[in-house]
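Asks: Here it is, the structure in full.
The values are calculated or read from the model by the stated rules, or taken from the named source; none is laboratory data. If you're wondering where the values come from, they're calculated on a predicted model, not measured in any experiment. Cβ sites come from the backbone with ideal geometry, for glycine too, and all protein chains shown count toward neighbours. What goes into the accessible areas is simple: the full protein's heavy atoms, side chains included, and nothing from ligands, DNA or RNA. Shrake-Rupley method; radii C 1.70, N 1.55, O 1.52, S 1.80 Å.
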Amino acid sequence: MSLSREQMLAEMGISPIWVLRDVAPPASAIESSPQMEAEAVTPPQVAEVPSAPVPAQTPPPRSTAAAVDTLDWPALARQVAECRACSLCEQRKQAVLGVGDTNPEWLFIGEGPGAEEDVKGEPFVGQAGKLLDNMLASLDIARGNRVYIANAVKCRPPGNRTPEAAEIAACWPYLERQIALLKPKVIVLLGKAAVHAVLHDDKSLASLRGKRFELAGIPVVVTYHPAYLLRNLPDKAKAWEDLLFARRTLREQMAPELPF
Ligand code: URA
């Protein structure tokens with residue numbers, strides 16, 4: 001069943017419909033609420049862009065890194081499927097490379113496959129995935145259309161535990177190669193594991209939200225993981241702010257001369 005935009009935003013925990021300040025809406029489309037007014041005067045803060053990511057705390061195994069950085073998509077998919085660079089390979093049903101448009105504007109990066117993803121071989125197919133799909137729909141994008149979805153680690157951590165630093169580091173060359181092949185216009189990091197993988201940062205998500213980071217010239221923004229949002233419904237409004245910030249960042253990246 002397909003949801004209307006209003007239903008999607010309701011699913012995100014945000015209604016009535018919000019209208020971006022940078023898009024001239026028909027007067028009839030705007031319904032005001034105290035929450036919206038607060039949003040209108042406090043845009044997410046844009047912070048300094050670190051010029052280069054801090055080096056990984058735990059360097060990836062040389063064998064993984066050296067072999068990956070020239071691979072094309074089929075070779076990368078093969079290597080990920082056969083990867084034994086860390087112990088996560090021992091209990092996986094299959095490695096989950098990613099899904100979507102391989103010429104995307106958006107790249108969303110999560111943590112790692114859960115039980116359902118391990119079976120299906122596709123990221124975000126469970127409950128968190130449904131919320132992610134609704135988050136995408138609220139931005140007028142969909143899995144496979146202008147967006148690619150990947151994870152910090154490609155194999156399911158047993159019991160759905162958080163991946164360890166060494167596992168994230170072992171998988172980083174694959175994610176790094178995906179980013180190089182995809183060349184997205186914006187990267188959205190969903191939760192701490194993705195932040196750890198891409199920004200090599202352990203700070204709280206609260207302190208990283210609303211800031212524009214950069215990886216190889218690509219803007220990177222941070223928001224909450226959908227699974228966290230399912231447990232912390234009030235923070236969906238903050239995630240929506242982050243998505244709007246990401247969309248502004250994307251537009252600036254695509255047409256820097258236009259005022260957004
Ligand atoms: N959570 C993630 O971070 N990734 C998935 O693929 C599924 C759930």
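Asks: When the residues of the stretch 191-204 are narrowed to those that are assigned to a helix (DSSP H, G or I) and open to solvent by 20 Å² or more (accessible area, probe 1.4 Å), which ends up nearest to the ligand (Cβ to nearest atom)?
Replies: Here the answer is K192.
Asks: Do the conditions hold for P158, that is, is it surrounded by fewer than 18 Cβ atoms within 10 Å (Cβ to Cβ) and within 15 Å of the ligand (Cβ to nearest atom)?
Replies: Judged against the criteria, P158 is a match.
Asks: Out of the residues in the stretch 206-223 that are open to solvent by 20 Å² or more (accessible area, probe 1.4 Å) and either over 19 Å from A180 (Cα atoms) or in a loop (DSSP other than H, G, I, E, B) (or both), state the one that is nearest to the ligand (Cβ to nearest atom).
Replies: Within the stretch 206-223, the match that is nearest to the ligand (Cβ to nearest atom) is R209.
Asks: Read through the list (1) surrounded by fewer than 20 Cβ atoms within 10 Å (Cβ to Cβ); (2) in contact with an Asp or Glu (Cβ under 9 Å, 6 or more places away or on another chain), then give the number of the only condition that A166 fails.
Replies: (2)
Asks: Q79 is checked against (1) closer than 22 Å to L190 by Cβ; (2) away from the ligand (no atom under 16 Å from the Cβ); (3) buried (at least 19 other Cβ atoms within 10 Å of the Cβ) and fails just one. What number does that condition carry?
Replies: (1)
Asks: Got a number for residues in the stretch 224-241 being of a type outside the set (G, A, S) and either within 16 Å of the ligand (Cβ to nearest atom) or free of Cβ contacts under 8 Å to residues at least 40 places away in the same chain (or both)?
Replies: The total comes to 10.
Asks: Let me spell it out: the conditions are (1) within 27 Å of I218 (Cα to Cα); (2) part of a loop (DSSP other than H, G, I, E, B), and A169 meets all of them except one. Which number is the exception?
Replies: Of everything listed in (1) within 27 Å of I218 (Cα to Cα); (2) part of a loop (DSSP other than H, G, I, E, B), A169 misses just condition (2).
Asks: For the stretch 89-103, does any single residue satisfy the condition of being closer than 23 Å to E241 by Cβ and either open to solvent by 60 Å² or more (accessible area, probe 1.4 Å) or not in a helix (DSSP H, G or I) (or both)?
Replies: no
Asks: Of all residues in the stretch 116-153, which are part of a strand (DSSP E or B), among the hydrophobic types (A, V, I, L, M, F, W, C) and near the ligand (Cβ under 8 Å from one of its atoms)?
Replies: Of everything in the stretch 116-153, just one residue is part of a strand (DSSP E or B), among the hydrophobic types (A, V, I, L, M, F, W, C) and near the ligand (Cβ under 8 Å from one of its atoms), namely I149.
Asks: Same structure again: Report, by residue number, each residue of the stretch 104-124 that is within 21 Å of A142 (Cα to Cα), of a type outside the set (D, E, K, R) and open to solvent by 40 Å² or more (accessible area, probe 1.4 Å).
Replies: None - no residue of the stretch 104-124 is within 21 Å of A142 (Cα to Cα), of a type outside the set (D, E, K, R) and open to solvent by 40 Å² or more (accessible area, probe 1.4 Å), so the list stays empty.
Asks: Please pick out the residue among E122, E105 that is over 15 Å from N151 (Cα atoms), acidic (D, E) and modelled with pLDDT of 95 or more.
Replies: After ruling out the rest, the residue left standing is E105.
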